[in-house]
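Enquirer: Input: one structure, supplied below.
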Amino acid sequence: MSRFFPITRTLGAYDNTWFRPDLAAAVTVWAMVVPEAMAYAGIAGMPPEVGLYASIIPLLIYALMGTSRRVTVGPSAAVAALSAATVAPFAMAGTEEFLAFTSLLAIVVGVLLLLAGIAKFGIIAEFLSEPVLKGFILGVALTIALGQSGKLLKVEVEGEGFFAELFSLIGQIPETHLITAAVGLGSLAALFVLERLMPRLPAALVVVGGAIAAVSLFDLEDAGVHITGDIVAGFPSLILPDLGWSSVVALIPGAIGVAIVVYAESMALAKTFGSKHRERVDADQEMVAFGALNIGGGLFGAFTVNASNSRSAAADNAGQKSQVSSLIVVALLVLTILFLTPLFRQLPEAALGAIVIHAVWGLIRFSPVTSLRSKHRVDFWAAVATLLGVLVLDVLAGLMLGVLISLGGLMARAVRPRVAWLGRRSATGVFASRGEEGIDEVPGVSIIRFDAELFFANVAVLRDRIIEEVDATSPGTIVLDAEAITDVDTTAAEELVKLVDELESRNVRFVVARLELPVEQTLQRWGVHLDTYPLVRAAVDSGGKGPE
């Protein structure tokens, strides 16, 4: 029980002094999640009340099964946009079929995460590198902000891709509904002002209250301002989307991408808080928890969710001590959906658009991407490709493009590893790359360092460099510094045998230094027997003779 439901350990050791900060954090999160959840539901193409469903069930399951005491889960802008982009090819937004596909996507994502967690594949999220994630988040933030701009001005933003939508928005600016623009831009300005002057105030809830009051007092609905209208009250029903196995199979490719993003972002946040508070986070159990909470949410008609950066940070700043705080948030949300939804009937859609734009505004930062150019060019181009892929193609295609470029860079580094010829510093006897100041060549001995695993795709690099050295300097001995070689495959072993034979035919001895015992044993099983030494110095000073 304690393994799969870590909250049992928390409750068993719960300190009564934690309740007050847990309660304060819960109220803070509730004040943020109510308006944000309804706004993010719109990004996912779902009705406002579904945003509340997506906040209740997943948050409850994570409180029971998550290993982080500080993380808050629920709707997020990036994952909501990714969900909408994944479902778009299968159904038209706003239809019952779209709602069913969206819920089914959450279930499929949950099953994938659950199975991966049980199989202890927590490391899978590492395939989504930080540069790719930076480009992805920036692209999604720009796309979301542009999409919500139409709500602020009451114009229809159309077109395929970011730039087409941007030109559409610019062309329709003369058609702006001025009263709607006043509400939307006024709400957006209020959010920024409140954030700066009163950062502890739940700005989104205050702006929602003010916008509702303005609609009511000035009859703005009659003036043409769009409002959310009636929000369905009551708890959602448990239902399995009836779309058939063919729909499940069709969703799997997109669901894999969504699952990686959900887990990568959530795990990064959990690790951050775990490091800050010196608390252990179990990567595999986190994957199980996020799988279970998305299955649970999907079965109640919700869309895919993940850990919320802003709400988790707000809860932590308010002093959250445990997931008891999340249980209190769940209770407050249940009360909200049962009794308070009529209060939001006159909420203007422009205000919801302003909340979304404000939420993603902090993510629209180009410096994390541009700074990569001077640090690592492959990472820089992976981030740029992901960004452009999201803007030009779509969210999921951009993500996959970035992942492929990252994997391509990884393969390129594996196929073309760093190879260095070493010399010896006469004053200290330390070995370092030839060409450095004070490094002398060792007469009659050439020392090569190979910084990678040795396998079929890169063994030719080692062979070619050694033969080039023999042709150029005619050494009596070649010493391979094999400290970085942690594995050798069949092809590499066979090529090593051929290399040794070729060198012997040219009266050049081949010896190996610092070869790990498991690698040496592997080579011996394949019939490869090399002269080995524990240190480079021993191999060089012996003159290349095999150990007695």
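Enquirer: Test MET1 against the criterion of being outside any helix (DSSP H, G or I) and either open to solvent by 10 Å² or more (accessible area, probe 1.4 Å) or of a type outside the set (Val, Ile, Thr) (or both), and give yes or no.
Expert: Considered against the rule, which asks whether it is outside any helix (DSSP H, G or I) and either open to solvent by 10 Å² or more (accessible area, probe 1.4 Å) or of a type outside the set (Val, Ile, Thr) (or both), MET1 comes out as yes.
For (1) among the basic types (Lys, Arg); (2) assigned to a loop (DSSP other than H, G, I, E, B); (3) more than 15 Å from THR341 (Cβ to Cβ); (4) under 26 Å from the mean Cα position of the chain (by Cα), each residue gets a yes or a no:
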residue: ARG9; (1), (2), (3), (4): yes, no, yes, no
residue: TYR14; (1), (2), (3), (4): no, yes, yes, no
residue: ARG20; (1), (2), (3), (4): yes, no, yes, no
residue: VAL34; (1), (2), (3), (4): no, no, no, yes
residue: ILE61; (1), (2), (3), (4): no, no, yes, yes
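Enquirer: Quickly run through region 247-294 and pick out the residues that are modelled with pLDDT of 90 or more and of a type in the set (Gly, Ala, Ser).
Expert: Once the filter is applied, which keeps residues that are modelled with pLDDT of 90 or more and of a type in the set (Gly, Ala, Ser), region 247-294 yields SER247, ALA250, GLY254, ALA255, ALA259, ALA289, GLY291, ALA292.
Enquirer: Against the definition (of a type in the set (Gly, Ala, Ser), more than 14 Å from GLN323 (Cα to Cα) and either open to solvent by less than 40 Å² (accessible area, probe 1.4 Å) or free of Cβ contacts under 8 Å to residues at least 40 places away in the same chain (or both)), how does ALA13 come out, yes or no?
Expert: No; evaluated as a whole, the condition is false for this residue.
Enquirer: Could you tell me which of the residues LEU201, LEU240 is modelled with pLDDT under 90 and closer than 28 Å to VAL111 by Cα?
Expert: LEU240
Enquirer: Looking at ALA460, ALA493, ALA452, ALA432, which one is within 35 Å of the chain's Cα centre (by Cα), among the aliphatic types (A, V, I, L, M) and open to solvent by less than 60 Å² (accessible area, probe 1.4 Å)?
Expert: That would be ALA452, the only listed residue that is within 35 Å of the chain's Cα centre (by Cα), among the aliphatic types (A, V, I, L, M) and open to solvent by less than 60 Å² (accessible area, probe 1.4 Å).
Enquirer: Residues of region 358-388 being open to solvent by less than 20 Å² (accessible area, probe 1.4 Å), of a type in the set (Val, Ile, Thr) and touching a Lys or Arg at 6+ places or on another chain (Cβ under 9 Å), which ones?
Expert: Correct list: VAL369, THR386.
Enquirer: Mind listing just one residue for me: the one in region 389-404 that is open to solvent by 20 Å² or more (accessible area, probe 1.4 Å) and at pLDDT 80 or above and, of those, nearest to ASP481 (Cα to Cα)?
Expert: LEU404
Enquirer: Determine which member of the set GLY135, GLY110, GLY66 is closer than 17 Å to ILE295 by Cβ, at pLDDT below 95 and buried (at least 21 other Cβ atoms within 10 Å of the Cβ).
Expert: GLY66
Enquirer: Just give me the residues in region 230-287 being among the aromatic types (Phe, Trp, Tyr) and surrounded by fewer than 20 Cβ atoms within 10 Å (Cβ to Cβ), in sequence order.
Expert: PHE235, TRP245
Enquirer: When residues of region 409-429 are filtered for being within 18 Å of ALA484 (Cβ to Cβ), in contact with a helix residue (DSSP H, G or I) (Cβ under 9 Å, 6 or more places away or on another chain), open to solvent by less than 70 Å² (accessible area, probe 1.4 Å) and in contact (Cβ under 8 Å) with a residue 40 or more places away in the chain, how many remain?
Expert: 5
Enquirer: With the condition kept exactly as written, say whether any residue in region 230-248 is outside any loop (DSSP other than H, G, I, E, B) and small (Gly, Ala, Ser).
Expert: yes
Enquirer: Let me ask you something else. Select from region 344-380 the residues that are among the charged types (D, E, K, R) and not in a helix (DSSP H, G or I) and write down the one among them that is nearest to ALA214 (Cα to Cα).
Expert: ARG345
Enquirer: Taking ALA302 as meeting all but one of (1) open to solvent by 40 Å² or more (accessible area, probe 1.4 Å); (2) more than 12 Å from ARG70 (Cα to Cα), write down the number of the exception.
Expert: (1) is the only condition that ALA302 fails.
Enquirer: Now for a separate question. Given the structure, is SER55 outside any helix (DSSP H, G or I), small (Gly, Ala, Ser) and either open to solvent by 10 Å² or more (accessible area, probe 1.4 Å) or closer than 25 Å to MET287 by Cα (or both)?
Expert: no
Enquirer: Moving on. From the set of residues in region 16-28 that are loosely packed, with under 13 Cβ neighbours inside 10 Å and not hydroxyl-bearing (Ser, Thr, Tyr), which is nearest to ARG311 (Cα to Cα)?
Expert: ARG20
Enquirer: Could you list, in sequence order, the residues of region 313-351 that are under 30 Å from LEU387 (Cα atoms) and modelled with pLDDT of 90 or more?
Expert: Listed by number, the residues that qualify are GLU349, ALA350, ALA351.
Enquirer: Moving to a separate point now. For region 192-213, give me each residue that is open to solvent by 50 Å² or more (accessible area, probe 1.4 Å) and not charged (D, E, K, R).
Expert: Within region 192-213, PHE192, VAL193, LEU197, MET198, PRO199, LEU201, VAL206 qualify.
Enquirer: I'd like the full set of residues that are hydroxyl-bearing (Ser, Thr, Tyr) and open to solvent by less than 10 Å² (accessible area, probe 1.4 Å), limited to region 305-327.
Expert: Correct list: SER308, SER312, SER322, SER325, SER326.
Enquirer: Right, next: If I ask for residues that are touching a residue at least 40 places away in the same chain (Cβ under 8 Å), open to solvent by less than 60 Å² (accessible area, probe 1.4 Å), in a helix (DSSP H, G or I) and within 21 Å of PRO89 (Cβ to Cβ), which ones from region 142-191 would you list?
Expert: Correct list: THR143, ILE144, GLY147, PHE162.
Enquirer: Moving on. Restricting to region 83-101, name every residue that is closer than 19 Å to LEU399 by Cα and either surrounded by 15 or more Cβ atoms within 10 Å (Cβ to Cβ) or touching a Ser or Thr at 6+ places or on another chain (Cβ under 8 Å) (or both).
Expert: If the condition is that a residue be closer than 19 Å to LEU399 by Cα and either surrounded by 15 or more Cβ atoms within 10 Å (Cβ to Cβ) or touching a Ser or Thr at 6+ places or on another chain (Cβ under 8 Å) (or both), then SER83, ALA84, ALA85, THR86, VAL87, ALA88 are the ones that fit.
Enquirer: Scan ASP451, ASP541, ASP464 and give me the residue that is under 26 Å from SER433 (Cβ atoms) and at pLDDT 90 or above.
Expert: Of the residues listed, the single one that is under 26 Å from SER433 (Cβ atoms) and at pLDDT 90 or above is ASP464.
The values are calculated or read from the model by the stated rules, or taken from the named source; none is laboratory data. Since we're looking at a predicted model, the values are computed, not measured. Because the Cβ atoms are built from the backbone with ideal geometry, glycine has one as well, and the counts that use them run over all protein chains shown. Each accessible area value is taken on the protein alone, full model and side chains, heavy atoms only, with ligands, DNA and RNA left out. Shrake-Rupley method; radii C 1.70, N 1.55, O 1.52, S 1.80 Å.
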